[in-house]
Ligand code: AOF
Ligand code: ZN
C-alpha cells in the first residue's frame, strides 16, 4: 500500500476522532480498518472515559461483516499508538493481536507511562507497525491532551474579547457587547469543549456572569464545564455562578500554580481562563498559558480597561512573542488563535 493511501486513511481516522468529546480526561482517538485492497471496511472512535477505545470500536464494527478472528491482511489505522495497559478498559494492542490484524499504522506515540509500549507489544507478536504517518497533523489535533499529559497539569487556554485597541470594557465598566454574535457563540462552543472555566472573584462581583455553555438557541449544552472562581474574597451564594446549571468551586488562592495543582487533582485536562485582567496577567507572567484565543472587534474604546495589566516587561527585547496559528473572520470580528 502506498504512503499516500495510508495518509488518506489516517485523515479519515483524524476526522472520526473529532466526533468524540473534546472534554474529559481521555484523548480524542479515531480508527479505521483497511482490507487487503486498502478499502476502509470498518470505523470507530472513542466516545469518552470509561467507554471502549477507538481500536476496539473499529474491531467491533468489522466483526459485524466478517468472521472473527479476521483473515490475514487487515490494517488498522489509528490516531494514537494503541494502549498497552489495563485502565478503565483493556489493552488495545492485545485486542488488535487477538483480532488477527496484520498491520497497525499510527502517527504519534502514547506519552503515558503505563499506557505506552503498545507498538512494541504488537511487533513482538508479529504485527507490522508503521509509525509517524501524518505525525504533525495528529500532534496538532491532540495538543491539549498531549500537553496536559506531558506537563501533568491542565492545558490552559486564555480567552478574551477586546476592541481593536485592546480594551475589554468601556471606561464605565460596561462591556455588553464588545464582540459580535458569532464570536459570542464561538466562545460558548469553546466552553462546551473544555473541562473547567476560570474567573477571578473580581469578575464575579463586577459582572455576575453565569459561565455556562449554551447553543445558538440559548439551550444549555449537555456538557457543562466546572466553574471555578479564583481568589480570596467572599462571594455570596446568590451570584449566578452558583446557580444549578453546572458545578462550581471557589479556590481561595491568588497563585495560578496553586489553582492548577488543585484542578490537576480534579482531573481537569483543559482549563479556559476568562478573566479578569488581573488573573489573565498572572497566568501570563507565570508562563502558564498554552494557547491564546482573542476575539478582536472593530471598535475603539480607549480608556483604562485593558485586557492585560502589567506583565513586568521593561523593554522590547523582553516582549512576549507569540505565533498566530489560526485567524479568521467571525462576522465582523477577527478571531485569533496564538501561542508562544
Ligand atoms: C482513549 N481512547 O481510543 C485510546 C486511548 O482509562 P482508559 O482505559 O480509558 O485508558 C485511557 C488511555 O488509553 C489514554 O490516556 C491513552 O493513553 C490510551 N489510548 N484512550 O481514551 C482511545 N486509544
Ligand atoms: Zn486503548
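Only the coordinates and a few stated rules stand behind these numbers; no lab work does. Everything numeric here is computed off the predicted structure, so don't read it as measured data. No Cβ is skipped: glycine too gets one built from the backbone with ideal geometry, and neighbour counts run over all protein chains shown.
I'd like the antiparallel share, as a percent to the nearest 5, of DSSP beta bridges with both residues in the stretch 153-339. Bridges in the stretch 153-339 that DSSP calls antiparallel: roughly 35 percent. Take the convex hull of the alpha carbons in the stretch 3-142; its mean projected area over all directions comes to 7.3 nm².
Taking neighbour counts of Cβ atoms within 10 Å as a proxy for exposure, in what order, fewest first, do 55, 267 appear? Before the final figure, lay out the partial values.
Working: 55 30, 267 13.
Sorted ascending by nearby Cβ count, the order is 267, 55.
Cβ-Cβ distance of residue 219 and residue 2, R₀ of 35 Å, FRET efficiency by 1/(1 + (r/R0)^6): the value works out to about 0.15.
Using the count of nearby Cβ atoms within 10 Å as a rough guide to exposure, how do 317, 8, 277 rank from fewest to most?
Values: 317 6, 8 15, 277 19.
By the 10 Å Cβ count, ascending, the order reads 317, 8, 277.
Mind ordering 10-19, 91-100, 124-133 by average Cβ neighbours within 10 Å, highest first? Walk me through the intermediate numbers first.
On the way: 10-19: 19.4, 91-100: 21.1, 124-133: 14.1.
Peptide ranking by packing, descending: 91-100, 10-19, 124-133.
Measuring from a point 7 Å past the Cα of residue 139 along Cα-to-C-beta, which residues in the stretch 1-30 have an amide N at less than 11 Å? None, by backbone N distance to the label point. When you restrict to C-alpha pairs under 8 Å that are six or more residues apart and normalise by the size of the chain, the relative contact order lands at 15 percent. Hey, quick one: spin label on residue 88, modelled 7 Å out along Cα-Cβ, who in the stretch 191-215 has an amide N within reach, i.e. under 20 Å? Residues 192-197 qualify, since their backbone N sits under 20 Å from the label point. Ordered by the count of other Cβ atoms within 10 Å of each Cβ, fewest first, 114, 262 give 114, 262. Measuring from centroid to centroid over Cα atoms, what is the spacing of the stretch 298-340 and the stretch 147-214 in Å? That distance is 14 Å.
For the chain, give the share of DSSP beta bridges that are antiparallel, in percent and rounded to the nearest 5; count only bridges with both residues there. Could you put the intermediate results ahead of the total?
Values: 23 of 54 bridges.
Given both bridge residues lie in the chain, the antiparallel proportion sits at roughly 45 percent.
Under the rule a/c < 1.5 gives rounded, and otherwise a/b versus b/c splits prolate from oblate, where does the stretch 153-339 land using the Cα gyration tensor? Rounded is the answer for the stretch 153-339, as its axis ratio a/c remains below 1.5. Helix 54-63 axis versus longest C-alpha principal axis of the chain: approximately 40°, rounded to the nearest ten.
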